[in-house]
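These notes are about the structure you will find just below.
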Amino acid sequence: MLATGRQVLQKANKGNYAVGAFNINNMEFLQAIVSAAEKMKSPVMIATSEGAIKYAGLCLLKNMVYCAAENAKVPVVLHLDHGRDMDVIKKCIDIGYTSVMIDASHLEYDANIKTTKQVVQWACRKGVSVEAELGTIGGVEEKISARKIIYTDPEKAVDFVERTGIDSLAVAIGTSHGAYKFAGAARLNLNVLKEIKKKLDMPLVLHGASGLPAKVVQRAKRNGVRLGKAEGVPDSQISQAVRLGINKINTDTDLRIAFTSVIRESFRKNPAEFDPRHYLGPAKEFVQEVVEHRIGVFGGRGKA
Ligand SMILES: [Zn+2]
C-alpha cells in the first residue's frame, strides 16, 4: 500500500530501526526492491532523483510506483531524492509523491532555511513529508557534488528543525556518495550522531552509506567492471548507526553495481542471447538479493 514518509519513519523512530530508501531509474529495479521488501515484510521507500525523472519521465515513474504500491503487501513510499530544482519539487508534490527531499545544503544557513520552508509550505497542503539536509555529505551524486565533508552541527540542527518544520533530517557524519568513500579505514562520526539524536527525537537520515559488499564487488570485477579501490560502509557500522538513531538509509550504488555485473556476465557467457528478459531477469534477481540483505542490516525485517 502507498504510505507517506512520515508514516513509515515515525514508526521506525519509535521502533529503533531504519527504512531502506532505494533508487530506481526503471521497472526492473522497482520490481526487485518491492519484491525484496515483501519477502522481508518491511516498509520501503522508492527514491527517484532529478536525474531519474529526466531519464524516465515523472508521469511514468509515478504511475509505475503507484501501481507497484497498490499491489504490494507492505507500505511503499514514493520519494524524491536530493531535490534541488524548485520546479521539479513542486511538480513531484502536485503529481502525488508522498515524500520529497529538499537539498539546499549547499546554500548559506539562512538561505537553506528559507528554501526548505518554502517546500514545507507546499508539501503541507498535500500531506507530503519533507526531508532536508544540514551539513555536507562528501562525494558525487549526479549533479550533487561536494569534496569536503562538513559534519552536521547538533545545535544548529535543533534550530533548523524548529524553524523549518521538516519531518526528517539528513545528517552529515562522515559518509560520501558513490563507490569511493574512504581513502583509509571507513569511519563514521557516531558521536556527532549521538549528540544530534539526544537533542532531536525525530527521524534521521543517512546518505552515502552504500556497503559495496564483497559478493557484489567480486562479481563485478570478475566480469570486467573497473572499480579500483571502491570501498563502502561495513554492515557493522550501519547497524551501529541504526542503534544510535538513524531511521532512513539511502542505497543506490550497490544496486547499480549488482545489476551491471550480472548483465556483463550474461553478455560474456551467452553472446548468442539477445532477448533482454534473459539478462535483465537475472540482474533483477541479484538486485533483489542485495536489497534483502540491506533491509536485514537496517533491522527492517518484519516491521511492515
Ligand atoms: Zn544522497
Exercise. Restricting attention to the range 102-113, does a residue exist that is crowded, with 24+ Cβ neighbours inside 10 Å and more than 16 Å from the ligand (Cβ to nearest atom)?
Worked result: no
Exercise. Does the range 51-101 hold any residues that are without any contact (Cβ under 8 Å) to a residue 12 or more places away in the chain and outside any loop (DSSP other than H, G, I, E, B), and which are they?
Worked result: LYS54, LEU60, ASN63, CYS67, ASN71, ASP87
Exercise. Of the numbered conditions (1) over 16 Å from LYS41 (Cβ atoms); (2) assigned to a helix (DSSP H, G or I), ARG294 satisfies every one except a single condition; which is it?
Worked result: (1)
Exercise. Inside the range 53-101, can you point out the residues that are hydroxyl-bearing (Ser, Thr, Tyr) and either surrounded by fewer than 24 Cβ atoms within 10 Å (Cβ to Cβ) or touching an Asp or Glu at 6+ places or on another chain (Cβ under 9 Å) (or both)?
Worked result: TYR55, TYR66, SER99
Seminar exercise, completed: Within the range 165-219, residues being within 16 Å of the ligand (Cβ to nearest atom), more than 18 Å from ASP254 (Cα to Cα) and in a loop (DSSP other than H, G, I, E, B) number 6
Exercise. Can you find even one residue in the range 173-183 that is hydroxyl-bearing (Ser, Thr, Tyr), within 16 Å of the chain's Cα centre (by Cα) and either more than 24 Å from GLY83 (Cα to Cα) or at pLDDT 95 or above (or both)?
Worked result: no
Problem set entry | Conditions (1) surrounded by 18 or more Cβ atoms within 10 Å (Cβ to Cβ); (2) touching a Lys or Arg at 6+ places or on another chain (Cβ under 7 Å): number failed by LYS41 | (1)
Problem set entry | Selection from the range 68-91 of residues that are in contact with a helix residue (DSSP H, G or I) (Cβ under 9 Å, 6 or more places away or on another chain) and away from the ligand (no atom under 16 Å from the Cβ) | ALA68, ALA69, ASN71, ALA72, LYS73, VAL74, PRO75, VAL76, LEU78, MET86, LYS90, LYS91
Exercise. Of the residues GLU155, GLU131, which single one is modelled with pLDDT of 90 or more and within 16 Å of the ligand (Cβ to nearest atom)?
Worked result: GLU131
For this session: Scan ALA241, ALA258, ALA230, ALA283 and give me the residue that is surrounded by 13 or more Cβ atoms within 10 Å (Cβ to Cβ) and modelled with pLDDT under 95.
Result: ALA230
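The values are calculated or read from the model by the stated rules, or taken from the named source; none is laboratory data. Not measured: the values here are computed from a predicted model. Backbone-built Cβ (ideal geometry, glycine too); neighbour counts: all protein chains shown.
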